[in-house]
Amino acid sequence: MAAEQGESSDLREIQTANCGHRDEASNTTRAARARTAPFRRGRPGEAPLTGSGPWKPRPAPLSSTTCFSPARAPRRRAGAPRPAVSMQTDEALRALLQRFYALQGERVETYRLFEEGHRAYLSSAPHYDFPRYRQLVHEITAAFSGISREVLQLRGRLRGELGRPDLAQHLTRLQEREQEKLQLVSAGHGGGGRLIKTIEAISEILQDLKYDSEEAE
């Protein structure tokens with residue numbers, strides 16, 4: 001019972017992490033990956049918590065998937081202005097978007113690590129290793145916070161030096177949806193219809209971002 005109460009408290013900690021630098025986000029994601037390893041392997045002399053054989057990566061579950069839907073074409077905005085950009089600005093924009101998509105990939109990986117660690121923790125009953133799980137939650141929280149802070153920095157550059165407030169607005173919408181997704185996942189609604197709709201909305205925003213970023217080329 002105490003373990004369940006502590007777990008609930010730590011899940012609420014994760015929910016607050018996604019509202020907020022490159023190395024920070026990457027390092028904390030790697031740290032979180034390392035934290036899941038003991039859960040996957042199990043204790044000395046015991047079978048792995050996530051299976052009887054050596055651990056192998058699994059496909060990311062639905063709640064961890066943020067991707068483009070090939071069946072849905074980006075929406076066109078009739079009459080939307082196409083900002084003129086210099087070659088230097090265009091290169092800077094490309095680099096910024098490349099970094100943004102890398103951060104989205106880190107988000108997907110962090111969700112996978114959290115879900116994997118959570119399942120392994122639950123499967124370790126009745127001898128829960130709560131201190132180790134709590135540290136995992138701390139690392140996951142730090143990873144989400146670092147990713148979100150950098151996305152907001154990218155949004156600021158789009159609004160300012162790159163002169164693309166239209167793309168910055170997509171990142172604002174994305175952050176709102178990612179916050180909603182994180183709350184649903186951490187609350188245990190991994191297979192609910194609301195989560196599916198949120199993932200679809202994230203995919204649509206990413207498609208709009210891709211289309212609008214290519215319009216000026």
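What residue, of GLN183, GLN169, GLN135, GLN153, is part of a helix (DSSP H, G or I) and closer than 14 Å to ILE202 by Cβ? Break it down stepwise before answering.
Numbers: GLN169 fails: closer than 14 Å to ILE202 by Cβ; GLN135 fails: closer than 14 Å to ILE202 by Cβ; GLN153 fails: closer than 14 Å to ILE202 by Cβ.
Criteria check complete, one pass: GLN183.
Output the number of the condition that LEU103 fails; it satisfies all remaining conditions of (1) in a helix (DSSP H, G or I); (2) in contact with a helix residue (DSSP H, G or I) (Cβ under 6 Å, 6 or more places away or on another chain); (3) within 21 Å of GLY188 (Cα to Cα).
(3) is the only condition that LEU103 fails.
From the list ARG155, ARG134, ARG159, exactly one residue is under 13 Å from GLU178 (Cβ atoms) and more than 16 Å from the chain's Cα centre (by Cα). Which is it?
Details: ARG134 fails: under 13 Å from GLU178 (Cβ atoms); ARG159 fails: under 13 Å from GLU178 (Cβ atoms).
One residue alone meets the criteria, ARG155.
Could you list, in sequence order, all residues of region 176-201 that are surrounded by fewer than 18 Cβ atoms within 10 Å (Cβ to Cβ), at pLDDT 90 or above and of a type in the set (A, V, I, L, M)?
ILE196, ALA201
Hey, does region 145-161 have a residue that's surrounded by 15 or more Cβ atoms within 10 Å (Cβ to Cβ) and farther than 30 Å from GLN88 by Cβ?
Checked region 145-161: at least one residue is surrounded by 15 or more Cβ atoms within 10 Å (Cβ to Cβ) and farther than 30 Å from GLN88 by Cβ.
Which condition breaks for GLU204 when tested against (1) outside any helix (DSSP H, G or I); (2) modelled with pLDDT of 95 or more; (3) acidic (Asp, Glu)?
Looking at each condition in turn, GLU204 falls short on (1).
Out of all the residues in region 164-175, is one or more within 18 Å of THR110 (Cβ to Cβ), crowded, with 17+ Cβ neighbours inside 10 Å and at pLDDT below 95?
No, the conditions are met nowhere in region 164-175.
Under 7 Å by Cβ, and 6 or more places apart or on different chains, what pairs join a residue from region 126-143 that is modelled with pLDDT under 90 and among the aromatic types (Phe, Trp, Tyr) with one that is part of a helix (DSSP H, G or I) and surrounded by 24 or more Cβ atoms within 10 Å (Cβ to Cβ)?
If the second residue must be part of a helix (DSSP H, G or I) and surrounded by 24 or more Cβ atoms within 10 Å (Cβ to Cβ), the pairs left are TYR133/GLY117.
The values are calculated or read from the model by the stated rules, or taken from the named source; none is laboratory data. None of these values were measured; they are calculated from a predicted model. With ideal geometry, Cβ positions are generated from the backbone for all residues, glycine too; neighbour counts draw on all protein chains shown.
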